[in-house]
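Notes follow once the structure below has been shown.
The values are calculated or read from the model by the stated rules, or taken from the named source; none is laboratory data. Every value quoted in this text rests on a predicted model; they were computed, and no experiment measured them. Cβ coordinates were reconstructed from backbone atoms using ideal geometry, including for glycine residues, and neighbour counts include every protein chain displayed. Please note that ligands, DNA and RNA were not included when accessible areas were found on the heavy atoms of the full protein model with its side chains. Shrake-Rupley method; radii C 1.70, N 1.55, O 1.52, S 1.80 Å.
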Amino acid sequence: MTQQDLRIGIIGVGMMGADHADRVAHRISGARLVAVSDPDTARADALAGSLDGVRVMGDPLELIRHDDVDAVVIASPGFAHAEQLMACLEHGKPVLCEKPLTMDTESSLRVVEAEHKVGRPLIQVGFMRRFDPEYAALKQLLDSGELGRTLLLHNVHRNKTVPDTFRSEMIVRDSLVHEVDVARWLFDDEITRITVHAPKPTSLVADGVLDPQFAVFELAGGAIADVEVFVNFQVGYEVRCEAVAEKGSAAIGLGVDVLTKAAGRWGGVMPADFRVRFGLAYDLEIQRWVNAAARGEIDGPTAWDGYAAVAVCTAGVRSLQEGRPVDVEMVRRSEVLG
């Protein structure tokens, strides 16, 4: 650590926030963790006590405005994001905000507008798949034009299990949202309509929970993407993506690096959760965010990307509830950002 290290505060030290705390403390260069805040003070105290030089602040807004904090990671529940993001903007603090940007399109748009008034980008949204080497390689291949125009995108998103509190709408807002960003990013286009289908659910969930789900995105340029989301898959954490283009196709997430064939069988190891599958992506995301923040920039998904994802997921929840396609309602980018 040096005097020039970016001093980082983390708001929310549950699973994701604690993982980021360990990352900043042990694997990220040019940064040091100086403060954490969480309503669960015992959890915050335990985490701070395990790391050198980390203080606990009971009020997350105090953490944001504190002179000893240069940049903020927001890993708190989504309902708290709007207030915390606005505070970061008010105090000029670069912020990496885990998804969702906020819980509704109106507040997300207000965040985008407020950042625009600041005059420089300060918000990066934690869509870490853009930093995963496999996804980055797929993006580079599709952008090269080698396979011609990309026509279709097929996605699979399966979790081994989720807490009992994980309801049908959360499958859209907290899981499907990643594929929303992936589709927008790979096609470099906006999603204009979403349909979320719910087949007969697995018997291993509480009554009323619709799991799995199958979503179809229609994009402005005519492309289509589909997503299977199954958050109680029981086997392990599995994320796959296949792009179909005019001259070929490309797939990632197949686990080919660990695929084995022996004794008349083939297979490999399936990770237990997202921290294993996307551990390197998170490391690269945080390191690049730190490097960019030190330059007064961001290097990843923007507040606009967060707003667009919220708009699509809001329409997705309506589609799930009403059993029909729903158009995505969002303002034009040029109307807000010029």
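The spacing between the range 1-56 and the range 128-185, judged by their C-alpha centroids, is 28 Å.
Counting only the heavy atoms of the protein chains, how much of E179 is accessible to a 1.4 Å probe, in Å² to the nearest 10? The value for E179 is about 0 Å².
With the whole protein complex present, V231 retains an accessible surface near 0 Å², based on a 1.4 Å probe. Exposure check, 1.4 Å probe, all protein chains in place: H154 carries approximately 70 Å² of accessible surface. Extension gain for the segment R288 to V235, taken as residue separation times 0.36 nm less the Cα-Cα distance, is 15.8 nm to one decimal. The Cβ shell under 15 Å around A220 holds other residues with a net charge of -1, Lys and Arg each +1, Asp and Glu each -1. For the residue pairs K139/K160; K99/K160; K99/K200; K160/K200; K117/K139, the alpha carbons lie more than 23 Å apart in K139/K160; K99/K200; K117/K139. Subtracting the Cα-Cα distance of D327 and A137 from 0.36 nm times their residue separation leaves 65.3 nm of extension gain.
Kirkwood-type hydrodynamic radius, the range 1-113: 14.0 Å, calculated from all non-identical alpha-carbon pairs. Overall dimensions of the chain, expressed as equivalent-ellipsoid semi-axes from the Cα gyration tensor (√(5λ), whole Å, largest first), are 32, 24, 21. Normalising the average separation of contacting C-alpha pairs (under 8 angstrom, six or more residues apart) by the number of residues puts the relative contact order of the chain at 20 percent. Other residues within the sphere of radius under 12 Å centred on the Cβ of R324, judged by their own Cβ, net out at 0 (K and R +1, D and E -1). Ranking of R129, R277, R333, R193 by solvent-accessible surface, largest first: R333, R193, R277, R129 (1.4 Å probe, protein heavy atoms only, all chains present). Take the range 65-106 with all the other protein chains still there, run a 1.4 Å probe, and you get 39 Å² of accessible area per residue. Residue ranges 18-24, 292-298 sort as 18-24, 292-298 when ordered by packing (mean number of other C-beta atoms within 10 Å per residue, highest first).
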